[in-house]
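Below is one structure, written out as structure tokens; the observations come after it.
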There are 2 protein chains.
Amino acid sequence: MLKKRNVMTIGTLARTAGVGVETVRYYQRRGLMSEPEKPYGGIRHYDEQALARLHFIRASQWLGFSLDEIGELLTLQDGDHCDEARELGEQKLTSVRRKISRLQQIERALNELVQKCSSGHGDVYCPLMASLNDGVEDATTDKHKVR
Amino acid sequence: MLKKRNVMTIGTLARTAGVGVETVRYYQRRGLMSEPEKPYGGIRHYDEQALARLHFIRASQWLGFSLDEIGELLTLQDGDHCDEARELGEQKLTSVRRKISRLQQIERALNELVQKCSSGHGDVYCPLMASLNDGVEDATTDKHKVR
DNA sequence: ATTGCTTCCGTAGTGAGGTACGGGTCTAAG
DNA sequence: CTTAGACCCGTACCTCACTACGGAAGCAAT
């Protein structure tokens, strides 16, 4: 008993996955998804696999992988390359942890500044601005790229 | 006794602040820094104020302000607008905290996946890939923008 | 005086991840 | 049968923060 596969147009596919039609087409152009053959003169249809692929991409993106990295992951898809996949995962984990601690530093600094601003309200000058003018105490000590 | 002010060329200024010459010129075009008058047919010189401005910009950037927001901050520079500045700071603080908790979620998920990958090594399939294929457990439940 | 590094200045390109547009074709509802 | 709404497709445009390019002119040392 062959259950007829859930067939969708690109619009339905996109809506179901919560992305825009243009985004799906963009992923196709990037080579992250294949374009199904189109029936002569007609409209392409997409199945569950396409939807799964879209989920894969969004899930990976959510984990901080770039589209290029996702492309890499996709070449490892058969499950035979667990080590490579884990390696990529570990790299991401490291970079996520770096980001977290940088943001925590920033949070502490910003919090302190805002606190000062709220309390010492008698003065004429603004402590936040003052700190920014001084370079936020050792924030600019790392003179590297901010990006 | 007038101490002759520390005068720099754009190159020295940039190097001192740890940015590129092009970056300084870019900030000028963006209206974040002024261009000093140039002596007839000659080379512009920059003083400590310009350097301070550059520090201000980098410090603010480090705190997560965009160049547009930094422009706003700069219009509040006189210190008479402490409330507005604090308001901006608080907004940033909120967004930084959001980012942190999002990243912490990601960290937990990624860590778990990598752990699984390292341990259960007898199977043929890769747990990381498997999870990505399933959508990372409720990661894709929030079907919104990843950006 | 010649080499060689800066500076000056405008314009254009980069990368990441899309989003928008416009003209043409299909399909489904009324 | 007409019309509204998808779809198809290529190309152009967007944001953000830079970065590069290229030619002319200045300045410092040899």
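Computed quantities for the displayed model
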| quantity | calculated |
| --- | --- |
| For segment B:12-119: span of alpha carbons on each principal axis (Å, largest first) | 71, 36, 19 |
| Cross-link pairs beyond the 32 Å C-alpha cut-off, checked among A:K99/B:K116; B:K92/B:K116; A:K92/B:K92 | B:K92/B:K116 |
| J(HN,Hα) series, segment A:102-118, from Karplus relation 6.51 cos²θ - 1.76 cosθ + 1.60, nearest Hz, glycine and proline x | 5, 5, 5, 4, 4, 4, 4, 4, 5, 4, 4, 4, 5, 4, 3, 5, 6 |
| Residue-level accessible surface for A:D83, protein heavy atoms, 1.4 Å, Å² | 70 |
| Pairwise FRET efficiency - B:H81 versus A:T23, Cβ, R0 = 51 Å, nearest 0.05 | 0.80 |
| For segment A:83-134, radius of gyration divided by Kirkwood radius, i.e. Rg to Rh on alpha-carbons | 1.36 |
| Amide proton proximity set for A:Y46, modelled H, under 5 Å, gap of 5+ | A:M8, A:T9 |
| Whether segment A:10-65 is rounded, prolate or oblate, judged on the alpha carbon gyration tensor where a/c under 1.5 counts as rounded | prolate |
| Under 15 Å, Cβ to Cβ, from A:L32 - net charge with Lys/Arg +1 and Asp/Glu -1 | 0 |
| Buried solvent-accessible surface, both chains (A, B), 1.4 Å probe, Å² to nearest 100 | 5300 |
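The values are calculated or read from the model by the stated rules, or taken from the named source; none is laboratory data. Please read all numbers here as calculations on a predicted model, not as lab measurements. Positions of Cβ are backbone-derived with ideal geometry, glycine not excepted, and every protein chain shown enters the neighbour counts. Calculation scope for accessible area: heavy atoms of the full protein, side chains included, ligands and nucleic acids excluded. Shrake-Rupley method; radii C 1.70, N 1.55, O 1.52, S 1.80 Å.
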